[in-house]
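Take a look at the structure set out below.
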Amino acid sequence: MANQRDFNPITAAGYHQIEREIAALEADRPHKIASLAEARAHGDLSENAEYSAAKRDLRHLESRLRFLNKERQYARIVTPSDDPVVELGKWVTLAFLDDHETVTYQIVGTAEADLDAGKTTRVSPLGRAVMGHRAGDVVTVHAPAASYQVKLVRVSLTAPQK
C-alpha cells in the first residue's frame, strides 16, 4: 500500500492536463501503429528511413504514455484553502527587494511547472521560500547562484486581473 508521502501533490488543473495529454496520445497511437506497419511493408528494414522514423515516433509515444500514467498514478489533487497562507494552487505576487520588480506566480506541483505560463513548483527555491507565508512577509530565497529577498504582496486563490 502506498504511503501518503509517496504521492505527488498537484492542482486539479494540472491533473486534468495530464488526463487530456494521455487521451490525445492514446487517440494518436493507432495512427502511429498503422504508419509503422505501412513503413514495414516497404521492404528492407535496414535501409528504410521511414520505418526507423515510424518506430522512433511510436517508441516516443509509448514512453510518454508510461511517464504520464505514472504521474497520474502517484498524483494527489490538492485543493487550496481559502486562507491567506501560500500553499499549492495559490497565486502569489512578489516584489523583489533588490530591483523592486513585481511578478506573479501560481505555486504548483512539479509536473505542472511552466515559468512561461507563470507557474513555479513548490520545490523550486522560490516556491520553498514562500510556502506557508502570508502577504506582507519578507522571505529570503536561497537559489544556487545567490540568495535574495522577496516581499509577498498578494496571496490569492485566483490570478490577478491584468
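A few comments on the model shown:
- Taking the criterion of being within 17 Å of Thr158 (Cβ to Cβ) and out of contact with any strand residue (DSSP E or B) (no Cβ under 7 Å at 6 or more places or on another chain), the only residue of the range 103-144 that qualifies is Ala117.
Quick grid of which residues meet (1) touching a residue at least 12 places away in the same chain (Cβ under 8 Å); (2) of a type outside the set (Phe, Trp, Tyr); (3) surrounded by 12 or more Cβ atoms within 10 Å (Cβ to Cβ):
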{"residue": "Thr121", "(1), (2), (3)": "yes, yes, yes"}
{"residue": "Val138", "(1), (2), (3)": "yes, yes, no"}
{"residue": "Val141", "(1), (2), (3)": "yes, yes, yes"}
{"residue": "Ala146", "(1), (2), (3)": "no, yes, no"}
{"residue": "Val150", "(1), (2), (3)": "yes, yes, yes"}
{"residue": "Ala159", "(1), (2), (3)": "yes, yes, yes"}
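- Members of the range 117-162 found to be assigned to a helix (DSSP H, G or I) and among the aliphatic types (A, V, I, L, M), listed by number: Ala117, Leu126, Ala129, Val130
- Subset of the range 83-102 that is hydrophobic (A, V, I, L, M, F, W, C) and surrounded by fewer than 18 Cβ atoms within 10 Å (Cβ to Cβ) - its residue that is farthest from Ala159 (Cα to Cα): Leu97
- Set His100, His42, His133: member being over 16 Å from the mean Cα position of the chain (by Cα) and at pLDDT 95 or above: His133
- Condition met for Arg128 (closer than 30 Å to Leu25 by Cα, under 22 Å from the mean Cα position of the chain (by Cα) and open to solvent by 70 Å² or more (accessible area, probe 1.4 Å)): no
- Where a residue in the range 79-99 is over 11 Å from Asp137 (Cβ atoms) and its partner, wherever it lies, is basic (Lys, Arg), with Cβ under 7 Å and at least six apart: Pro80/Lys90; Leu88/Arg122; Thr93/Arg154; Ala95/Lys151; Leu97/Lys151
- Ala75 meets the conditions (1) of a type in the set (A, V, I, L, M); (2) open to solvent by 50 Å² or more (accessible area, probe 1.4 Å); (3) over 20 Å from Gly132 (Cα atoms); (4) touching a strand residue (DSSP E or B) at 6+ places or on another chain (Cβ under 6 Å) in every case but one. The failed one is (2).
The values are calculated or read from the model by the stated rules, or taken from the named source; none is laboratory data. Fair warning: this is a prediction, and the values are worked out from it, not measured in the lab. Using ideal geometry, Cβ is built from the backbone for each residue, glycine included, and neighbour counts are taken over all protein chains shown. The accessibility values were calculated without ligands, DNA or RNA, using every heavy atom of the protein model including side chains. Shrake-Rupley method; radii C 1.70, N 1.55, O 1.52, S 1.80 Å.
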